[in-house]
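The values are calculated or read from the model by the stated rules, or taken from the named source; none is laboratory data. No experiment lies behind these values; they were computed from the predicted model shown. Cβ atoms come from the backbone with ideal geometry, glycine included; neighbour counts cover every protein chain shown.
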Amino acid sequence: MIPQSKSIIDRDPVTFEVVRSALYAICAEMKSVVMRTSFSPLLSLSADLSCALLDAHGKVVAQGRDIPVHLGAAPFTVRAAFDAFPIENWKAGDGVILNDPYSGGTHLPDVSLIMPIFHEDRLCGFSLSRVHWPDVGGIAAGSSSVSDEIFKEGIRIPPLLIIEGHEPRADILALILANVRVPQDRHGDFRAQIAGAHRAELRVRELARRYGADLLSEVMADAQTYSQRIVRRRLESLPDAVVEHEEMLDGDGIDPDARPLIRARIEKKGDSFMVDFTGSSPCVKGPVNSPLAVTASSVYYTLLALAGGEIPPNNGVYEVAQIVAPEGAIVNAAYPSPVVAANTETSNRIVDILLAALAKAYPDRVPAGSYGSACVYTLGGVDPRTSRRFVHYETVGGGAGATAAGPGAGGIRVHMGNTMNLPIEAAEAAMPIRFTAYQLVTESGGTGLHRGGAGVRKAIEVLVDGVEASILGERTLSAAKGVAGGGAGAVAKFSYLGADGKVRPLPAKSGPHKLSKGDQLEMITAGGGAWGRSSNDAE
Amino acid sequence: MGDLLIGIDVGGTFTDAIVFDSGNGSLLAAFKVPSSTGEPGKAVVDAIEKIAQSVTIKDAVVCHGTTVGTNTLIERRGSRTALLSTAGFSDVVALRRQDRPILYSFDVRISEPLAPKELRFDIPERVAADGSVVRPLETSGIVEKLRDAGVEAVAISFLHSYVNDAHERALAAEIEDALPGVFVTRSGDVCPEFREYERSSTTLVNAYLGQTVGKYVSKLNLDLRSRGIQRLMIVKSNGGLTSPENASRYPVHLIESGPAAQLTAAAAFARATGRPNLVAFDMGGTTAKAGVIRNGQPEMVSEFYADRLVDGREVGGYAIRSAVLDLVEIGAGGGSIAWINEAHVLKVGPRSAGAVPGPACYSRGGSLPTVTDAHAVIGTLTAELFANSGVRFNREYAVEAVREHIANPLGWTVDRAAYAIIDIAVANMAEMVRLATTQRGLDPRDFALLASGGAGPLHAAAVGAEIGASEVIVPPYPGMFSALGATLGTIRHEVTQTLLRNLRDLDEADLSSGFAQLAKRVDVILSAEAAGHARPRFERILEARFVGQLFELRVPAGNGDDALPSPEQVERTFRGLYLREHGFELPDAQVQLVNLRLIATIDLGHSGDRIFVRHDPATRAPDPLRMVKILARDGGEATIPVYAAGDAAGGTITGPSIIEHAGATVWLHAGQSARIESNGQVVVTLSGGLQ
């Protein structure tokens, strides 16, 4: 190839934009294929999955508008997969699966599949899907409960060559499926991931055929430059600052006194952005320990949103953020600490902590604290009507923090997650459960010039005996803070309401509980913080 | 002469009317009258009176695509509306699906529920998923609350009402009795499908629009009837026509009325000219739309989100479960503004200069460069086109805008900048066409591109080349496609019923009794259509999926007179369809039925063949109308011919050239050639890429 004096973004910005947009559209198409063919309501109705395209060097080039915690962790997934299977060895029709947080994963339920894309024997890149399987085994149905080591959280899958010559390897698949609940549905979900990868392969090849593989690889490289350029320009336009903030998590589900500390120091200088977590607590017994991939995702998200506007997320952006996270700290989990709640809980608290730090320098650009959680609850058991085992995993929205521009949204997923709820009518038709309330807790948002978003009350009655239940939540103790004089939001509250009328308050993380017919779980998520002093506050 | 068939489309600036003799399908008139601000019905009456000046309108049928529903929603001018929900669940419309519409932003805005908190009431009642009553309905006090709140409309949406709607019915009857004049609508009637947010949202939108749309439609109906018009028919989002009565009862089905009519016209064009696969491509001042016609039929979807873009920002919008012709819409029109982002990359849209100030070259004070300005700079739009339009066209303003905002900052020449703006706009529209095709598993190379709308023909040849379309066609009356399409619709109603059962647990009696119930429901709706039409045709659809999946495929189950397929046959058909769609199927998984759907259609007997099919092809060597100087990509000047399509019937024109066609402009590029047919349509044959 003749070396080009100028890269495609400068030489032919129009073709660049056309091909770059097409790469993003492919990610969206890939996701819709997985959703349509999957077997879990968590995927087809709640969309708990993310898709990305990588270049031939394994760098993330394009991602769908999916789940930030999935997306930010993608570079770690890719690195682990290519450490185990060097890029030069991949053949068409190979597929590598992994879920181990200590080998490129985030938490065990998020199962990644990477497949290469070849065009006329030339490696053009890879597709990556990260799909939340509703169950991957472990001590409780839904694989999102409280335990004290990773082995109890489910089956760990290190990078494995699970597809060869486009065919899944029956032996590996059988081993995995033997270790999960409702294996036939998980098998369907895995097929859906393959179907998504095939669609991505088809589309990328079309691009290669149309524009040439050389041009495609140039666009893939420049797409990263492009995003990085925008982020750096935006950072440059902000005044430099060194700010820090620390907060404690609300327990780890095991030790009633555990209040691990997360401390973040942010240095914004010119077009660089550095976050130092030195001083954070060491790992704790319960599952709130955050793998570095998850912590990094929180930093990437915060950086992208701080930079504001439509910046296509990819490796170019991620390279801007420098992260210091001491090994063994709660923000860089050490083997074999349990980690399942970091993805949904710790990650969102980290964002709130970073934002509280940034608010000291840029109060007009950042929101107040949020409900700081995904509020995951799981239910599982056997439906006597069908004798079929069921597993239910759902997240519950809460209050978003208000901003200088307006009030925080209520009952919504914030920051690192964005999965939808499961329609009550779908859940009740599929499982022996009945919802008794799903409403906004109107007064729970902090008060101020712009009010914080309202939290949510969701309550569920189980209609059969022997149902296993767990809750992973946050902010039962520490309220979401306001910014610029705004008030804090109301805290979260979780309860077990027995069929006999007994009420037992539950901590932020607990389970697995055994529920009997007529028992209820009630979850009230926290409200968001307010922005600004309200006009009738006394000065 | 037979009775008249009149199509009317009310736009922001003009109201289009097109008049056919329904006896032989011949076109009698096509014209525009100015729209009347705030009173869309007036322009309709104006148009009818104008028609009455030359022909008798007695017993005419008026088919009308209306944006009254959409505008009422977008401008939040609907009724004061209450929502009555199962106790504990009255926030479902505010909680939505809990996801946010934008990811990497702190300032998330979400469409506010159309019924505010103080008008959302908890009603004690509960039905389980199997339809059994868990808690009986208690209605005491609700009528007083509604009366005290002064509501004009009421939506009722209870959990699982798609299985058992007895509670909804009882409460609706009580309110209707007690509060005459209040518009009452319930989810089991509007949208008896599972998923509480989507069903409640649909019902609430229906309630919110009920009074406004009802008043508009019934007043217009009276106005027209008093002038001797036999019947008014309204275009629904599915492209079908309905009576004023049904339109008033289900205004939520009219949200995409105007665009649907356009796709109906495109489908009729496809059938009339023997081109089964078309992409209907429309570009106006602020937006562009693409919709797919396959095998002569428009693609249909059953859910969409209304009003989800506010000032170019995603805010979620309102879920509507309703059969809608499938359209992809983007913010790219002639008025879209070109700008440079932080990475020094040229962008076009989604911001638009709108009608005011409009493109710089319109001399209305606009100073930002738009797509229209880029054409003015190049010379593909010239002053001649704007004669008698009220626009004072000035190329210099366009040159200045492009120079200052694009060319100088990028260090480019003005002509390079102008071509780049058009290239980006074309790329955006090509991406939109890909969304409408490749994202749905279709290859755009199997489609011809049919261009309509003010700016559609100008870009069609370039967009067509970019997506690799087989040919590009500019049909007769490209600027009046909505009005034309209104007259081409059939009366079409779809009713659905959820029947969530594994196929293996079903027998034929379950299917036949399910369809019998649907037939009863559709009969009630059809009885509200005026008599005198042809007999309805019934089409049965089963929506099925593998157990555990949540997306259904539509399995055809024959027409009204056919025997119902057995559950085994349905399963075989489903598996075949699934394999075709996804490339694999799951032999071990059971197939589950989700919905029965019955579609009733009544033909009005108008096909559009007379205007779309060309007759007696003449052969004339076309003479150019004039020559025009345009800027070339390399900055040089080129002189190219401008033809009038009307003068060139039967001839072939080669690019580069410009063809003026029924008020629109077609830009033919080098290497392209176009055939002009005797009915005025321009067919561009594409040979390779653009030069």
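Listed by position, the helices (runs of 4 or more DSSP H) inside region B:382-483 whose residues that are within 19 Å of the chain's Cα centre (by Cα) number at least 1 are B:414-436, B:456-467. Taking the condition of being at the interface with another protein chain (Cβ under 8 Å from one of its Cβ atoms), under 20 Å from A:Val351 (Cβ atoms) and not aliphatic (A, V, I, L, M), how many residues in region A:409-448 meet it? The number of residues fulfilling the criteria is 5. Only residues that are assigned to a loop (DSSP other than H, G, I, E, B) and at pLDDT below 75: list them for region B:571-605, please. Answer for region B:571-605, where residues must be assigned to a loop (DSSP other than H, G, I, E, B) and at pLDDT below 75: B:Gly583, B:Phe584, B:Gly605.
Table: residues versus (1) closer than 30 Å to B:Leu5 by Cα; (2) free of Cβ contacts under 8 Å to residues at least 60 places away in the same chain.
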| residue | (1), (2) |
| --- | --- |
| B:Ile630 | no, no |
| B:Arg633 | no, no |
| B:Gly646 | yes, yes |
| B:Gly663 | yes, no |
| B:Ser673 | no, yes |
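More than 30 Å from B:Phe551 (Cα to Cα), crowded, with 24+ Cβ neighbours inside 10 Å and either at the interface with chain B (Cβ under 10 Å from one of its Cβ atoms) or among the small types (Gly, Ala, Ser) (or both): is that true of A:Ala62 in this structure? Spelling it out, it is not the case that A:Ala62 is more than 30 Å from B:Phe551 (Cα to Cα), crowded, with 24+ Cβ neighbours inside 10 Å and either at the interface with chain B (Cβ under 10 Å from one of its Cβ atoms) or among the small types (Gly, Ala, Ser) (or both). Applying the criterion of at least 3 residues that are within 29 Å of the chain's Cα centre (by Cα) to the strands (runs of 3 or more DSSP E) found wholly in region B:624-685 leaves B:657-661, B:664-668, B:682-685. Pairs linking a residue in region B:455-483 that is under 13 Å from B:Leu278 (Cα atoms) to a residue that is at pLDDT below 85 and assigned to a loop (DSSP other than H, G, I, E, B), with Cβ atoms under 6 Å and 6 or more positions apart or on different chains, are B:Gly464/B:Leu686; B:Pro475/B:Gln681. Taking residues in region A:33-54 that are touching a residue at least 24 places away in the same chain (Cβ under 8 Å) and in the same structural domain as A:Leu113 (by TED's automatic domain parsing), and partners anywhere that are crowded, with 24+ Cβ neighbours inside 10 Å and aromatic (Phe, Trp, Tyr), the pairs with Cβ atoms closer than 7 Å and at least 6 places apart or on different chains are A:Leu42/A:Tyr393; A:Leu54/A:Phe126.
Does B:Glu125 qualify as being in contact with a Lys or Arg (Cβ under 9 Å, 6 or more places away or on another chain), closer than 28 Å to B:Asn246 by Cα, touching a residue at least 40 places away in the same chain (Cβ under 8 Å) and within 14 Å of chain A (Cβ to nearest Cβ)? Taking the combined requirement at face value, the residue does not satisfy it. Looking for something within 30 Å of A:Ala56 (Cα to Cα), surrounded by fewer than 21 Cβ atoms within 10 Å (Cβ to Cβ) and within 14 Å of another protein chain (Cβ to nearest Cβ) - is there at least one such residue anywhere in region A:133-146? No: region A:133-146 contains no residue that is within 30 Å of A:Ala56 (Cα to Cα), surrounded by fewer than 21 Cβ atoms within 10 Å (Cβ to Cβ) and within 14 Å of another protein chain (Cβ to nearest Cβ).
In the set B:Glu193, B:Glu176, only one residue is of a type outside the set (Ser, Thr, Tyr), over 30 Å from A:Ala404 (Cα atoms) and within 14 Å of another protein chain (Cβ to nearest Cβ); that residue is B:Glu193. Residues in region B:484-517 that are under 30 Å from B:Gly258 (Cα atoms) and in a strand (DSSP E or B): B:Ile491, B:Arg492, B:His493, B:Glu494, B:Val495, B:Thr496, B:Gln497, B:Thr498.
Okay, residues lined up against (1) part of a helix (DSSP H, G or I); (2) on the phi > 0 side of the Ramachandran plot:
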| residue | (1), (2) |
| --- | --- |
| B:Ser85 | no, no |
| B:Gly88 | no, yes |
| B:Val93 | yes, no |
| B:Arg97 | no, no |
| B:Ile102 | no, no |
| B:Asp107 | no, no |
| B:Ser111 | no, no |
| B:Ala115 | no, no |
| B:Phe121 | no, no |
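So which residues in region B:493-549 are among the polar types (S, T, N, Q), within 14 Å of chain A (Cβ to nearest Cβ) and under 19 Å from B:Ser161 (Cβ atoms), if there are any at all? The answer is B:Thr498, and nothing else.
Let's see how each residue does on (1) hydrophobic (A, V, I, L, M, F, W, C); (2) in contact (Cβ under 8 Å) with a residue 24 or more places away in the chain; (3) closer than 16 Å to A:Glu149 by Cα:
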| residue | (1), (2), (3) |
| --- | --- |
| A:Gly308 | no, yes, no |
| A:Asn315 | no, yes, no |
| A:Val320 | yes, yes, no |
| A:Ala325 | yes, yes, no |
| A:Gly328 | no, yes, yes |
| A:Ala333 | yes, yes, yes |
| A:Ser337 | no, yes, yes |
| A:Val340 | yes, yes, yes |
| A:Val351 | yes, yes, no |
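Among residues of region B:550-570 being assigned to a strand (DSSP E or B) and more than 14 Å from every other protein chain (Cβ to nearest Cβ), the one that is surrounded by the most Cβ atoms within 10 Å (Cβ to Cβ) is B:Val555.
Just one residue in the set B:Ser226, B:Ser140, B:Ser201 is within 14 Å of chain A (Cβ to nearest Cβ) and of a type in the set (Gly, Ala, Ser); that residue is B:Ser201. Filtering region B:117-154 down to residues that are within 34 Å of the chain's Cα centre (by Cα) and within 26 Å of A:Ile460 (Cα to Cα), which residue is surrounded by the fewest Cβ atoms within 10 Å (Cβ to Cβ)? Among those residues, the one meeting the criterion is B:Glu118. Here the strands (runs of 3 or more DSSP E) wholly within region B:281-362 that include at least 1 residues being surrounded by fewer than 21 Cβ atoms within 10 Å (Cβ to Cβ), within 14 Å of another protein chain (Cβ to nearest Cβ) and of a type in the set (Lys, Arg) are B:346-352. Exactly one residue out of A:Leu202, A:Leu215 is assigned by TED's automatic domain parsing to the domain that holds A:Tyr24 and under 30 Å from B:Phe546 (Cβ atoms): that is A:Leu202. If the condition is being outside any loop (DSSP other than H, G, I, E, B), away from chain B (no Cβ under 14 Å) and touching a residue at least 60 places away in the same chain (Cβ under 8 Å), then region A:65-97 contributes A:Pro75, A:Phe76, A:Thr77, A:Ala80, A:Ala81, A:Asp83, A:Ala84, A:Gly95, A:Val96, A:Ile97. Is it the case that A:Glu29 is more than 30 Å from A:Val391 (Cα to Cα), part of a helix (DSSP H, G or I) and within 11 Å of another protein chain (Cβ to nearest Cβ)? It is false that A:Glu29 is more than 30 Å from A:Val391 (Cα to Cα), part of a helix (DSSP H, G or I) and within 11 Å of another protein chain (Cβ to nearest Cβ).
Listed here are the residues, each with its yes/no results for (1) crowded, with 16+ Cβ neighbours inside 10 Å; (2) part of a loop (DSSP other than H, G, I, E, B); (3) away from chain A (no Cβ under 14 Å); (4) out of contact with any helix residue (DSSP H, G or I) (no Cβ under 6 Å at 6 or more places or on another chain).
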{"site": "B:Ile6", "(1), (2), (3), (4)": "yes, no, yes, yes"}
{"site": "B:Asn24", "(1), (2), (3), (4)": "no, yes, yes, yes"}
{"site": "B:Val45", "(1), (2), (3), (4)": "yes, no, yes, no"}
{"site": "B:Glu49", "(1), (2), (3), (4)": "no, no, yes, yes"}
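For residues that are among the β-branched types (Val, Ile, Thr) and over 19 Å from A:Val414 (Cα atoms), scanning just region A:351-393, find the one that is modelled with the lowest pLDDT. This residue is A:Thr386. Scanning region A:193-203 for residues that are more than 9 Å from chain B (Cβ to nearest Cβ) and either in contact with a His (Cβ under 6 Å, 6 or more places away or on another chain) or crowded, with 24+ Cβ neighbours inside 10 Å (or both) yields a count of 5. Of everything listed in (1) surrounded by 21 or more Cβ atoms within 10 Å (Cβ to Cβ); (2) at the interface with chain B (Cβ under 10 Å from one of its Cβ atoms); (3) farther than 30 Å from A:Asp352 by Cα, the single unmet condition for A:Arg385 is (1).
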